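See below for the structure under consideration.
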Amino acid sequence: MEYTLRNRPELLKAYRDGSWEIMAGADIVIKRAWVERANDNHFYNPVRKVITCDPAKYGDDETVIYAMKNTDIVKSPAPKIFGKKDEYYIANEMEIMGLEFKPSLYIIDGIGIGSGVASILSNKGLPVLVIMSQERQESGVPDNFVNRRAEIWWYAGTQFGDNSVELHHDDQELKRQLTVPKYTFKGDKFMIRSRDEIKKHYGRSIDRGSAYVNGLWGLQYSSEESKEQRPEDIFKDNDSGEENFMSS
């Protein structure tokens, strides 16, 4: 439990001492300061690429498609955000994006038409990870989470809290949405406030935030493609090339 709560000393103290009064205002899954800090990070990790999509479920929702290189959203191909469309339109948009980006994994929220999108892409031989947010322990969800959705958001919060996220994508609405979900408990399990509750409180669905955290979680199941070069590595390569030229 201490490891799970390493970024949340107020929650750990509440568990240990029963001091639940200190939890007021501390139930945000991803803190704004963590999101802002991620903009300053520059990591040189092995490259993993995914395309993640949260399809619109209702008429006023957004369909969001991001191409992610490690934890960042890339500029090219540009994110695609539009209203509710059918599964063929969404699958086609994802496939077109993939032709340029060449991800190792396509990640789809499988609720509603998402299952149809996943089937279309899978039938074309593309690698697909379907996220079913209501999955529980029998589907491999850890015991301390109510469902897969809670696990995914908590994982995202842990990544941000550990300062392991690099996010330069300039979208203030995404940044706001990432900081909207709050956690609560159902018995001894972590639970994220429901989509309907969030929509009522925030005034809209947090589709951009959902698409991003799904991608962040799904990166674990993608393939490493190459090591990202650091500037000093590039200089070494250039020096090596110069030495070979001079010696020839």
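Of note:
- Single match in TYR88, TYR106 (criterion: of a type outside the set (Lys, Arg) and farther than 28 Å from PRO46 by Cα): TYR88
- Checking the stated criteria, LYS69 turns out not to satisfy the condition of being in contact with a helix residue (DSSP H, G or I) (Cβ under 9 Å, 6 or more places away or on another chain), under 19 Å from SER222 (Cα atoms) and either buried (at least 20 other Cβ atoms within 10 Å of the Cβ) or aliphatic (A, V, I, L, M) (or both).
Yes/no per residue for (1) farther than 18 Å from LYS57 by Cα; (2) more than 14 Å from the chain's Cα centre (by Cα); (3) buried (at least 17 other Cβ atoms within 10 Å of the Cβ):
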| residue | (1), (2), (3) |
| --- | --- |
| GLN159 | yes, no, yes |
| SER164 | yes, no, no |
| LEU167 | yes, no, yes |
| GLN172 | yes, yes, no |
| PHE190 | yes, yes, yes |
| ASP196 | no, yes, no |
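- Residue in segment 174-188 that is surrounded by the fewest Cβ atoms within 10 Å (Cβ to Cβ), counting only those that are in contact with a helix residue (DSSP H, G or I) (Cβ under 7 Å, 6 or more places away or on another chain) and assigned to a helix (DSSP H, G or I): LYS175
- Among the residues of segment 87-110, those identified as free of Cβ contacts under 8 Å to residues at least 40 places away in the same chain and more than 21 Å from SER133 (Cβ to Cβ) are TYR88, TYR89, ASN92, GLU93, GLU95, ILE96, LEU99, GLU100.
- Number of the exception - GLU173 against (1) of a type outside the set (A, V, I, L, M); (2) closer than 22 Å to PRO77 by Cβ; (3) in contact with a strand residue (DSSP E or B) (Cβ under 9 Å, 6 or more places away or on another chain): (3)
- Test: residue in segment 79-97 that is modelled with pLDDT of 95 or more, among the charged types (D, E, K, R) and within 18 Å of the chain's Cα centre (by Cα): yes
- Per this entry, ILE120 is not counted among residues that are farther than 26 Å from MET191 by Cβ, out of contact with any Gly (no Cβ under 8 Å at 6 or more places or on another chain) and surrounded by 21 or more Cβ atoms within 10 Å (Cβ to Cβ).
- LYS49 falls short on exactly one of the conditions (1) among the basic types (Lys, Arg); (2) free of Cβ contacts under 8 Å to residues at least 40 places away in the same chain; (3) in contact with a Leu (Cβ under 9 Å, 6 or more places away or on another chain), and that condition is (2).
The values are calculated or read from the model by the stated rules, or taken from the named source; none is laboratory data. For clarity, every value in this text was computed on a predicted model and none was experimentally measured. Note that each Cβ is placed from the backbone with ideal geometry, even for glycine, and that neighbours are counted across all protein chains shown.
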